[in-house]
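Trainee: Below are the structure tokens for one structure; questions will follow.
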Amino acid sequence: MVSDHRTGPPNFGSERDMLRAFLDYHRATLAMKCEGLTDEELRQQSMPPSTLSLLGLVRHMAEVERAWFRRVFEDNDAPMVWSDKIDFQAAYDASASTRAEAFAAWEAEVENSRRIEQQAESLELAGYQPRWGEEVSLRMVMVHMLLEYGRHNGHADFLREGIDGTVGA
């Protein structure tokens, strides 16, 4: 088992504190699932024809962080991280990627997302989701991000187990 350095969410707190803590917990879970693996292991794909890998998940979550925080609340035209068009699947192809490259992009987007959330006066902050052509609240974005990380951390569980047998949190 890899070391678990995550800080668990509190049992009590405001809605915003809970959303923030659970989101950071899920971010830390994805990082933990990748801990101690080589670039080659991180690129190991689940099974053909899928290109899903742990490194691909990190790259994908960099795109998701950008799409739901930067593009919604700061710059609707910000380019995607790994593709010239809005193509979330492109991030999954990590065949030529490295831990350093993928984690640098993901960590930068996470920090930007945290800054946007922390500077917002309330969860009612409205942003424009260009893919939907609709306004969304910061609350909705944070809940959506929890769902994204929860789903993909489940994928990460299976991927990690397939690489070296590591299971658990």
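The values are calculated or read from the model by the stated rules, or taken from the named source; none is laboratory data. All figures in this text were calculated on a predicted structure; none of them were measured in a lab. All Cβ positions, glycine included, derive from the backbone under ideal geometry; neighbour counts span all protein chains shown. Heads up: the accessible areas ignore ligands, DNA and RNA and are worked out on the full protein's heavy atoms, side chains in. Shrake-Rupley method; radii C 1.70, N 1.55, O 1.52, S 1.80 Å.
Trainee: Return the calculated 222 nm mean residue ellipticity for the chain, to the nearest 500 deg cm²/dmol, obtained by summing -39500 (n - 2.57) across DSSP H runs with n ≥ 4 and dividing by the residue count.
Mentor: Values: 5 runs with 85 residues, N = 169.
It lands at -17000 deg cm²/dmol.
Trainee: Could you look at segment 21-67 and say what percent of its accessible area is carbon and sulfur, using a 1.4 Å probe and all protein chains?
Mentor: On the way: 990 of 1730 Å².
After summing per-atom areas, the C and S share lands at 57 percent.
Trainee: Considering the chain, what Rg and Dmax in Å follow from its alpha-carbon atoms?
Mentor: 16.0, 46
Trainee: Also, I was wondering about something else. Which of the trypsin sites (Lys or Arg not before Pro) across segment 74-127 are loop residues per DSSP, with 16 or fewer other Cβ within 10 Å?
Mentor: Details: sites: Lys85, Arg99, Arg114, Arg115; in loops: Lys85.
Qualifying residues, ordered by number: Lys85.
Trainee: Computed FRET efficiency, Cβ-Cβ of Ser50 and Met140, R0 41 Å: what is it to the nearest 0.05?
Mentor: Details: r = 29 Å, r/R0 = 0.71.
My answer for the efficiency is 0.90.
Trainee: Measuring from label point to label point, each 7 Å out along Cα→Cβ, what is the Ser83 to Ser14 span in nm?
Mentor: Distance between label points: 3.7 nm.
Trainee: Could you size up the charge dipole of segment 94-169 around its Cα centre, putting +1 on the beta carbon of Lys and Arg and -1 on that of Asp and Glu, and report it in debye to the nearest 20?
Mentor: It comes to approximately 100 debye.
Trainee: Just reorder Asp157, Asp84, Asp77 by solvent-accessible area, largest first, 1.4 Å probe, all chains present. Mind dumping the intermediate values first?
Mentor: Numbers: Asp157 60, Asp84 170, Asp77 130 Å².
Largest accessible area first, the list is Asp84, Asp77, Asp157.
Trainee: Compute the long axis of helix 138-164 from its Cα atoms, compare it with the longest principal axis of the Cα atoms of the chain, and write down the angle in degrees, 0 to 90, nearest 10.
Mentor: Value to nearest ten degrees: 0.
Trainee: Moving on to the next point. Would you tell me the accessible area of Met140, worked out with a 1.4 angstrom probe on the heavy atoms of the protein chains, in Å² to the nearest 10?
Mentor: Accessible area of Met140: about 60 Å².
Trainee: At 0.36 nm per residue, minus the direct Cα-Cα distance, what do Arg115 and Ala96 gain on full extension? Give it in nm, one decimal, please. Don't skip to the end; give the middle numbers.
Mentor: Details: separation 19, 0.36 × 19 = 6.84 nm, distance 3.01 nm.
Extra length available between Arg115 and Ala96 comes to 3.8 nm.
Trainee: Within the chain, what's the longest run with no chymotrypsin sites (Phe, Trp or Tyr not before Pro) in a DSSP loop and at most 10 other beta-carbon atoms within 10 Å? Give the range, please. Walk me through the numbers on the way to the answer.
Mentor: Numbers: sites that count: Phe12, Trp132.
With chymotrypsin sites (Phe, Trp or Tyr not before Pro) excluded where exposed in loops, the chain gives 13-131 as its longest stretch.
Trainee: So what's the angle, to the nearest 10 degrees on a 0 to 90 scale, between helix 99-119 and the longest Cα principal axis of the chain?
Mentor: Its long axis makes an angle of about 20 degrees.
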